[in-house]
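First the structure, in the form of structure tokens, and then the observations on it.
The values are calculated or read from the model by the stated rules, or taken from the named source; none is laboratory data. Only a predicted model underlies this, so the values are computations on that prediction, with no experimental measurement involved. Here the Cβ positions follow ideal geometry from the backbone for every residue, glycine too, while neighbour counts run over all protein chains shown. We work out accessible area using only protein heavy atoms, side chains counted, and drop any ligands, DNA or RNA first. Shrake-Rupley method; radii C 1.70, N 1.55, O 1.52, S 1.80 Å.
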Amino acid sequence: MNAPLPQRLARLIRQDVQGMHAYAVQPSIGLVKLDAMENPHRLSPQLQRELGERLGAVALNRYPGERIDTLKQALARHAGMPEGFSLMLGNGSDEIISLIAMACDVPGASILAPMPGFVMYAMSAQLQGLKFIPVDLTPDFELDERAMLSAIEQHQPSIVYLAYPNNPTANLWDDAVVEKIVQAAPGLVVIDEAYQPFASRTYADRITRHDHVLLMRTMSKFGLAGVRIGYMIGRSALVAQIDKVRPPYNVSVLNCEAALFALEHAKVFEDQAAELRRQRGLLLERLSKLPGVKAWRSDANMILVRVPDATQAFEGMKGRGVLVKNVSRMHPLLAQCLRLTVGTAEENAQQLKALQESL
Ligand code: PMP
């Protein structure tokens, strides 16, 4: 609980903010950290040295300038951005989600997303004072086509978020249903491809068909979670409007240089993603053999599992040195569920053993 604020200060802070909890990052010192879909691989010592030299040469006395444009161009090439489209950078895609809500804050505006889903969609709505409309997935975590289309019809949301693949369920949506949602949506549709490096499909090749679709991606799951670079691609006229609410210089020169460096060595990160996809297959196979455990297939670097008692399994794993995420209280559909991150072969063996011993 927060310490109480003196009355004269408490009246300055929004009531709803006082009732909120800050985004909690679980303490992880000394634990095998498999709670946040991070890439488990560090840069090689050689690349670390090279990056150190690059960062050492950056002019820190100047505000971020033309290197930001260079990064935008490099990301546009990396993502295969078509003609007539523009790219906006964010301090992680978390910031982009906030900026979209800010730009779309017109009276009566609302944000709709399937749930369980990524928490920031609801949080951006709440903080901006927009209505949030959650639409439950089916019990096997597919989009509920009828429920989605009728909620869109009823609420006419300004923004629909579709995480592709979804967090924490790790699945991709049925493309025909996505297409119907995109066509029915009266406002923006944001396709959030945070987990694209691990997914078997992308929506990117279809963005040209619709002028109200935005594609959002991040360098975080590529291997740079600490660097905080997210980006959004859409029709230039639309992106230009949202870009107006972006704080100037929201991306640091150091982040920018590190991201450019990573893109120059994209093969290293792409090979790591391929290895993690292989590890995901092995982990899933072993999980599905554990009695009492249900593991869902995954298009991301996480696997959702249902266990007999999530709290017992979570605490048991932690006691054995492995930190995962207990998502069982996030949504009724996630009852007794844990979200595992796919790590290295060694980490996965540890998490499997810890889970098995904690059931
Ligand atoms: N979208 C989804 C679906 C996510 O799961 C996450 C982070 N876990 C993000 C966006 C935010 O990523 P970042 O701010 O690190 O770019």
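In Å², and per residue, what accessible area does the stretch 256-335 have when probed at 1.4 Å with the other protein chains present? Can you show the working numbers first?
On the way: 3530 Å² over 80 residues.
So the stretch 256-335 comes to 44 Å² accessible per residue, rounded to a whole number.
Please list the non-local residues whose amide H lies under 5 Å from the amide H of PHE85, H modeled 1.01 Å from N, same-chain partners needing a gap of 5 or more.
Placed amide hydrogens put SER236 under 5 Å from PHE85.
In the chain, with Lys and Arg counted as +1 and Asp and Glu as -1 at Cβ, which of these residues, PRO40, GLN73, TYR203, has the Cα nearest the positive end of the dipole, that is, farthest along it?
PRO40
Please find the FRET efficiency linking ALA3 to LEU333, where r is the Cβ-Cβ separation and R0 is fixed at 41 Å, and quote it to the nearest 0.05.
Here the calculated transfer efficiency is 0.70.
Rounded to the nearest 5, what % of DSSP beta bridges with both residues in the chain are antiparallel?
Bridges in the chain that DSSP calls antiparallel: roughly 50 percent.
Starting from the amide H of VAL160, placed 1.01 Å from N in the peptide plane, find each other amide H under 5 Å away whose residue is 5 or more places distant or on another chain.
LEU112, LEU188, VAL189, VAL190
Starting with the highest mean, order 139-145, 12-18, 161-167, 259-265 by the number of other Cβ atoms within 10 Å, averaged over the residues of each peptide.
Put in order of decreasing packing, that is 161-167, 259-265, 139-145, 12-18.
Evaluate the distance, in nm, between pseudo-label points positioned 7 Å from the Cα of VAL268 and of ARG206 along their respective Cα→Cβ axes.
If labels sit at VAL268 and ARG206, their model points lie 3.5 nm apart.
Stokes-Einstein D for the chain at 25 °C, 0.890 mPa s, Kirkwood Rh over Cα pairs, in µm²/s?
114 µm²/s
Using a 1.4 Å probe on the protein heavy atoms, what percent of the accessible area of the chain belongs to carbon and sulfur?
53 percent
Under 17 Å Cα to Cα from LYS353, which aspartates and glutamates show up? Leave out anything in the same chain fewer than 8 places away.
The reachable aspartates and glutamates, counting only those whose Cα sits under 17 Å from LYS353, are ASP35, GLU285, ASP309, GLU315.
Quick query: amide H of VAL135 versus all other amide H atoms, modeled in the peptide plane; which residues come in under 5 Å with a sequence gap of 5 or more or a different chain?
Placed amide hydrogens put ALA113, MET115 under 5 Å from VAL135.
Given LYS72/LYS294; LYS131/LYS294; LYS33/LYS180; LYS72/LYS131; LYS33/LYS289; LYS33/LYS131, which pairs have Cα atoms separated by over 30 Å?
LYS72/LYS294; LYS131/LYS294; LYS33/LYS180; LYS72/LYS131; LYS33/LYS131
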